[in-house]
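The values are calculated or read from the model by the stated rules, or taken from the named source; none is laboratory data. Bear in mind the structure is a predicted one, so any value in this text is a computation, not a measurement. Every residue, glycine as well, gets a Cβ built from its backbone with ideal geometry; the counts of neighbours run over all protein chains shown. Heavy atoms of the whole protein, side chains included, go into the accessibility calculation; ligands, DNA and RNA do not. Shrake-Rupley method; radii C 1.70, N 1.55, O 1.52, S 1.80 Å.
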Amino acid sequence: MKTVFHSANSRGNADHGWLKSRHTFSFANYYDPDRIHFGALRVINDDFVEGGRGFGTHPHDNMEIISIPLSGDLAHRDSMGNGSVIRHGDIQVMSAGTGITHSEMNPNANTPVKFLQIWVFPNKRDVTPRYQQINIAEGAKANEFQQILSPNAEDEGVWIHQNAWFNLAKFDKGTAKDYRLHDVKNGVYAFVIKGTAKIAGVSLAERDGLGVWDVEHFNVEATDDAEILLMEVPMELTVA
């Protein structure tokens, strides 16, 4: 088993006033040659957006982009004609494919929004752009892994063009579960949203991250009440 640990305070920091963002991997003006990506996982941005502000219309292509609100609301608009509000308890995915423009704005004037913006390299280039948004809070079960993303449209959660699985774990203190990888060629990047945990024998605090690979399974234990995002992705990048 191999691991890489990223403490919360080692992340890149961007403060634009209306936007405060912490970058697990190199992004925009933050660059660390040792932290470009974890396998197919390219970006984990921990964003805080002031009321009434947001990201104006901008383009993307050939990237799987996932948004998970942690509090507040996020209004989405895109060139495919989609318009919706993403709330805490939802997950959104956008396959940029051949190219898309979109905006993500905080629709509430007096309430900030906090959300995770995650990018995953796709395994197919130039696919037809697509958008998907579902509520995941309704299917949550305490002290169990909840699949919220997979490669399969028929499975629980949203789906993307990559051999990837995301699970959300909301564990009470003392809960311990074994996570078994879907593909032994994959790795898992664990991100502690809240609380503290011991993952693959490594202690993590809030907003710490841990990459785990060359392993078939590992233990996840909440050392306090914890919310943990497990992102299983291929460690080798192959594109059709």
- Straight-line reach check, LYS124, cutoff 17 Å on alpha carbons, 8 or more apart in-chain or any other chain, hits among aspartates and glutamates -> ASP61, GLU64, GLU236
- For SER71, the accessible surface traced by a 1.4 Å probe with all protein chains present amounts, in square angstrom to the nearest 10, to 40
- Item | Euclidean distance between Cα centres, segment 147-208 to segment 1-69, Å | 18
- Note on the structure: Mean accessible area per residue over the chain (1.4 angstrom probe, all protein chains present, square angstrom) is 44
- Message: List the pairs from LYS2/LYS141; LYS141/LYS198; LYS20/LYS177; LYS20/LYS194; LYS114/LYS185 whose alpha-carbon separation is above 27 Å, in the order I gave them.
- Response: LYS2/LYS141; LYS20/LYS177; LYS114/LYS185
- Note on the structure: Each label sits 7 Å from Cα toward the beta-carbon; between ASP214 and THR128 the label points are separated, in nm, by 4.3
- With every protein chain present, what accessible area does LYS124 have (1.4 Å probe, heavy atoms only), rounded to the nearest 10 Å²? 100
- Query: Taking +1 at the Cβ of each Lys and Arg and -1 at the Cβ of each Asp and Glu, which of VAL184, THR196, ALA153 sits farthest along the dipole of segment 138-234 towards its positive end, judged by Cα position relative to the Cα centre?
  - Reply: THR196
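Using R₀ = 25 Å, calculate the FRET efficiency as 1/(1 + (r/R₀)^6) where r is the Cβ-Cβ separation of ILE36 and ASP15; round to 0.05. List each step's numbers first, then the result.
Values: r = 22 Å, r/R0 = 0.89.
Plugging the Cβ-Cβ distance into 1/(1 + (r/R0)^6) gives 0.65.
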- Item | Accessible surface of the chain [probe 1.4 Å, protein heavy atoms]: carbon and sulfur percent | 46
- Please build a GNM for the chain, connecting alpha carbons under 10 Å apart, and tell me which residue among ASN219, ASN186, ASN62 fluctuates the most. ASN219
- Message: When a/c reaches 1.5 or more, the comparison of a/b and b/c decides; with that in mind, is segment 1-136 rounded, prolate or oblate per its Cα gyration tensor?
- Response: oblate
- Query: To the nearest 0.05, what FRET efficiency results for ASP183 and PHE5 with a Förster distance of 25 Å applied to their C-beta separation?
  - Reply: 0.65
